[in-house]
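Structure provided below as structure tokens; questions to follow.
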Amino acid sequence: MAEERMDNLLYHPELHNETVVEKEIITYDVITEEDADEVARLYAEHLNSGDSVEEHVKEGIKSPDFIGFKAVCNGKIVGMLTGRGGVDFTYPHPELEERLSKYWEGKKVYTPDSVVVLKEYRHHNIFNELGARLVPTIYERGYEILLTELWIYPNGNVPAEATVRHWGELVHKEDIPMFYKDNEKYGIICPICGKTCTCGARIIIMDVDGDIKPEE
Ligand SMILES: CC(C)(COP(=O)(O)OP(=O)(O)OC[C@H]1O[C@@H](n2cnc3c(N)ncnc32)[C@H](O)[C@@H]1OP(=O)(O)O)[C@@H](O)C(=O)NCCC(=O)NCCS
């Protein structure tokens, strides 16, 4: 079916909310409660695992201010981008939240909490496509500030930044080493480090107006 469509020269995937990766059609859609198990599984495999994490993810999807998009290939989620309203770090960081609150005073904040594209689908623009759907949606829902906690791998790589930096006007950016040092206390396991996590986080706060910003 996908191949038939691909062989048709008049077929334009972008007109069908789709992109094409290695001849496979990727369809983009919103995440609903029906996706909860798959989303929780992807979260555990690629971001953080632990009992509290599964509960947090599933509760999040039910919350009225949840916003999430998925990339689907052959009926399976191959990429997702989710988040919710308010300040929502992986686990609470009250002092940091207090210190940063001056950047969003009086404005509605949205925090992405999961960004995953399956390994075999990476580097085909899927995350950019998910972001291009999320950013106008959060703005339509009244969010003017985006607060992101980007994962800094132990090797210093920050894989999500190349996409996220186009989502708005930069208001504040800082790196916090050992951001997840209390993971174990919260029952969270890092997929790279295990129970004792040495990863850092790059905090990026942006003003959003619904548009993706081009390269400066
Ligand atoms: C981060 C991730 C979602 C990117 O997905 P992707 O679909 O491969 O990304 P895209 O193909 O849309 O590329 C988006 C941009 O990121 C860049 N990029 C992708 N992977 C990257 C990596 N590992 N390191 C640095 N930059 C990367 C691309 O070059 C591209 O930049 P450009 O638009 O300037 O060309 C994916 O690598 C992933 O799931 N990683 C594991 C989970 C993770 O680290 N999540 C981030 C948590 S904050």
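Could you tell me whether region 11-31 includes any residue that is more than 19 Å from residue 128 (Cα to Cα), in contact (Cβ under 8 Å) with a residue 60 or more places away in the chain and surrounded by fewer than 12 Cβ atoms within 10 Å (Cβ to Cβ)?
No: region 11-31 contains no residue that is more than 19 Å from residue 128 (Cα to Cα), in contact (Cβ under 8 Å) with a residue 60 or more places away in the chain and surrounded by fewer than 12 Cβ atoms within 10 Å (Cβ to Cβ).
OK, next. Could you tell me which of the residues 85, 75 is out of contact with any strand residue (DSSP E or B) (no Cβ under 8 Å at 6 or more places or on another chain) and of a type outside the set (Lys, Arg)?
75
Contact list please: Cβ distance under 6 Å, first residue in region 57-70 and crowded, with 18+ Cβ neighbours inside 10 Å, second residue acidic (Asp, Glu), pairs at least six apart or on different chains.
These pairs meet every condition: 61/33; 70/29.
Here is a further query. Have a look at 91, 103, 28 and point out the one that is within 15 Å of the chain's Cα centre (by Cα), more than 10 Å from the ligand (Cβ to nearest atom) and not polar (S, T, N, Q).
It is 28.
Just one of (1) at pLDDT 95 or above; (2) away from the ligand (no atom under 11 Å from the Cβ); (3) not in a strand (DSSP E or B) trips up residue 147, so point out which.
Answer for residue 147: the failing condition is (3).
Could you go through region 130-138 and let me know if any residue there is more than 11 Å from the chain's Cα centre (by Cα), under 17 Å from residue 202 (Cα atoms), more than 16 Å from the ligand (Cβ to nearest atom) and part of a helix (DSSP H, G or I).
Within region 130-138, none of the residues are more than 11 Å from the chain's Cα centre (by Cα), under 17 Å from residue 202 (Cα atoms), more than 16 Å from the ligand (Cβ to nearest atom) and part of a helix (DSSP H, G or I).
Moving on. Please name all residue pairs, on different chains or six or more residues apart, with Cβ atoms under 9 Å, provided the first residue is in region 181-206 and is of a type in the set (S, T, N, Q) and the second residue is assigned to a strand (DSSP E or B).
183/189; 183/190; 196/190; 198/190
Is it true that some residue in region 116-123 is near the ligand (Cβ under 9 Å from one of its atoms), basic (Lys, Arg) and outside any loop (DSSP other than H, G, I, E, B)?
The answer is yes, given that some residue of region 116-123 is near the ligand (Cβ under 9 Å from one of its atoms), basic (Lys, Arg) and outside any loop (DSSP other than H, G, I, E, B).
The values are calculated or read from the model by the stated rules, or taken from the named source; none is laboratory data. Worth saying up front: this structure is predicted, and the values here are computed from it rather than measured. Note: ideal-geometry Cβ built from the backbone for every residue, glycine included; neighbour counts use all protein chains shown.
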